[in-house]
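Here the structure is laid out as structure tokens; the discussion comes afterwards.
The values are calculated or read from the model by the stated rules, or taken from the named source; none is laboratory data. Everything numeric here is computed off the predicted structure, so don't read it as measured data. Quick reminder, even Gly has a Cβ in these numbers, built from the backbone with ideal geometry, and neighbours come from all protein chains shown.
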Amino acid sequence: MATAETDGFGDQLRRGREEVRGLGGELAGLAGDVRAHARSEVELAKAEMGEQAGIALRMAIWGGVALVTAVLALVFVFLTVMFAISVALPLWAAALITTALLLAIAGAAGALAYLRLRQISVVPRRTVRSLKEDVRWARDQLRSSTSSSASGAH
């Protein structure tokens with residue numbers, strides 16, 4: 001009888017060691033998966049930031065073309081307005097009225113540009129959202145593996 005109890009205890013130790021080795025292998029695999037996933041998240045963030053930079057560059061180029069063209073056109077439009085007003089008022093008064101009009105338009109355009117500038121995002125929102133989901137998933141996995149290990153130990 002003494003040998004049967006010893007063999008049973010030895011078998012239990014061997015099974016326990018194998019279970020610990022298996023758990024270690026699972027943890028090593030999980031760590032590798034986490035590293036690979038972190039690398040893919042970094043790549044996603046780089047791609048997203050590159051995409052935003054490309055959009056901002058195209059916006060700046062087209063904005064520059066529009067600005068140069070608009071300035072040239074507006075010079076002639078406001079000269080025309082000034083000379084039209086000078087028919088009824090002295091030239092200095094016409095120039096003053098035209099200047100005030102230009103300042104009002106510049107203020108409105110500046111306010112609109114400021115509102116558009118606030119829409120540009122430098123934070124990779126999709127990546128942040130994905131990382132939060134990954135953290136939630138990892139926590140759930142750890143909780144479920146902890147609860148299954150705890151219930152298996154009883």
Would the range 56-73 turn up any residue that is within 30 Å of Glu133 (Cβ to Cβ) and assigned to a helix (DSSP H, G or I)?
yes
Checking Glu48 against (1) surrounded by 11 or more Cβ atoms within 10 Å (Cβ to Cβ); (2) under 30 Å from Thr146 (Cα atoms), which test does it fail?
(2)
Counting only residues that are aliphatic (A, V, I, L, M) and more than 30 Å from Met49 (Cα to Cα), which one in the range 116-151 is surrounded by the fewest Cβ atoms within 10 Å (Cβ to Cβ)?
Ala150
Evaluate the range 93-115: report whether one residue or more is of a type in the set (Ser, Thr, Tyr) and exposed (fewer than 10 other Cβ atoms within 10 Å of the Cβ).
yes
Go through Leu79, Leu72, Leu131, Leu89 for me and flag whichever is closer than 30 Å to Ala36 by Cβ and either at pLDDT 90 or above or in contact with a helix residue (DSSP H, G or I) (Cβ under 7 Å, 6 or more places away or on another chain) (or both).
Leu131
Among all residue pairs at least 6 apart or on different chains, which show Cβ distances below 8 Å where the first residue, located in the range 38-64, is over 15 Å from Leu117 (Cα atoms) and the second is among the hydrophobic types (A, V, I, L, M, F, W, C) and assigned to a helix (DSSP H, G or I)?
Glu41/Leu131
When both residues are 6+ apart or on different chains and their Cβ atoms are under 8 Å apart, which pairs have a first residue that lies in the range 8-36 and is β-branched (Val, Ile, Thr), and a second that is part of a helix (DSSP H, G or I)?
Val34/Ala138
Which pairs turn up if I take residues in the range 125-154 that are hydroxyl-bearing (Ser, Thr, Tyr) and look for partners that are at pLDDT 80 or above with beta carbon separation below 8 Å, at least 6 apart in sequence or on another chain?
Thr127/Glu41; Thr127/Leu44; Thr127/Ala45; Thr127/Glu48; Ser130/Glu41; Ser130/Leu44
